[in-house]
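Worksheet: the structure to be examined is printed underneath.
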Amino acid sequence: MKYVFFGTPDFAVTILERLVEAGYVPSAVVTNPDRPVGRKHTITPPPVKQWVLEQENIKNTSILQPEKLSEVGEQLVVLQPDLFIVAAYGKLIPKSILEIPKHGSINVHPSLLPNYRGPTPIQTAILNGDKETGVTIMSMDEKMDHGAILKMQKVNLKMQNYGELSKELAGLGAELLIDVIPNWLGGKIKLTPQDDSKATYTRIYKGEDGLLDFTKTAEELDCQIRALNPEPGTYFMKDGKRVRVLKAHIEGEELIFDIIQPEGKKPISGRFLF
């Protein structure tokens, strides 16, 4: 199978790594351009590009980093791919691109679609205190997370933070993909359309979403801390300065801060109750 992989963050790295381990080496990888990162605005490659560059066994895989996918449309056509596999690419893919592969395009989405379409399904599930979430493998059309469902699996949501749950769902997504690919190529999968009337949507969280409101319950604050770290981060104000809360846990009805970072200082581990 000749395929092109679209993905950008660590979530996508886990899936691509598992695909390569299973013998599915991509002809090309499409990821976001290098971006300035940190206070010094150091130009940094996205995690997927960094991972590909570190692999000795996939040296022939091309890396494409367009600002707009129209810039690489001709290159993708020349590859004559059987399939596009998309996992957290970060941009809407136009219909003209999605239709290039012989067998279309499929996506790994970390929610139980049609619930939580959009960019932050993992964070939103934690923030809302959901009891379950999961992964959906779907066919792709030009609308956001709208395509028909190929396969879906639920997982229980316990006390995972964003990083832990993201890694768990990426691993599950890779397993489902590896199971789905041969059946999809062989035309053996029955598609299940999504019920658009039940669709919910997520949004990108910003700095102001991380401000802790101590009138909320310990459970609500704990969900906020687990969902929004490391980005955009959670914090409270003390003596006019911002104090980041990096890790916390609940004891009884109280929320205990385990790691905090006062503005301009390094993180401090301990047991803090405010």
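Read-outs throughout are calculated quantities, based only on the coordinates presented, and are distinct from any laboratory measurement. As the structure is a computational prediction, the values presented were derived from the model and not from experiment. Counting neighbours? That spans all protein chains shown, and the Cβs are built from the backbone with ideal geometry, glycine included.
With loop membership from DSSP and a limit of 14 other Cβ atoms within 10 Å, the longest segment of the chain without GluC sites (Glu not before Pro) is 143-252.
Across 262, 26, 36, mean-square fluctuation computed from a Gaussian network of the chain (C-alpha pairs under 10 Å connected) peaks at 36. Ranking of 152, 159 by neighbouring Cβ atoms within 10 Å, starting from the fewest: 159, 152. Please identify which residues in the stretch 111-145 have an amide N closer than 11 Å to a label point set 7 Å out from the Cα of residue 159, following the Cα→Cβ vector. From the stretch 111-145, the list is empty. Taking 0.36 nm per residue of sequence separation and removing the Cα-Cα distance, the residue 214/residue 131 pair yields an extension gain of 27.6 nm. Take every pair of alpha-carbon atoms less than 8 Å apart whose residues are at least six positions apart; their mean separation over the length of the chain yields a relative contact order of 14 percent. A helix-only calculation puts the chain at -8000 deg cm²/dmol for mean residue ellipticity at 222 nm, using -39500 (n - 2.57) for each DSSP H run of at least four residues, averaged over all residues.
Sorted on the mean count of surrounding Cβ atoms within 10 Å across their residues, most packed first, peptides 228-235, 81-88 read 81-88, 228-235. Exposed loop sites were defined as trypsin sites (Lys or Arg not before Pro) in DSSP loop states (anything but H, G, I, E or B) carrying at most 12 other C-beta atoms within 10 Å; in the chain the longest segment without such a site runs 207-264. Applying 0.36 nm per residue to the separation of residue 185 and residue 199 and subtracting their alpha-carbon distance, the gain on full extension is 2.2 nm. Partner aspartates and glutamates whose Cα lies under 17 Å from the Cα of residue 206, excluding those fewer than 8 positions away in the same chain, are identified as 231. Once the C-beta distance of residue 266 and residue 231 is scaled by a Förster radius of 22 Å, the resulting FRET efficiency is 0.75 to the nearest 0.05. With both labels modelled 7 Å from their Cα along Cα-to-Cβ, the residue 178 to residue 22 distance reads 0.6 nm. Among residues other than residue 112 with Cβ under 13 Å from its Cβ, the summed charge is +1 (Lys and Arg +1, Asp and Glu -1).
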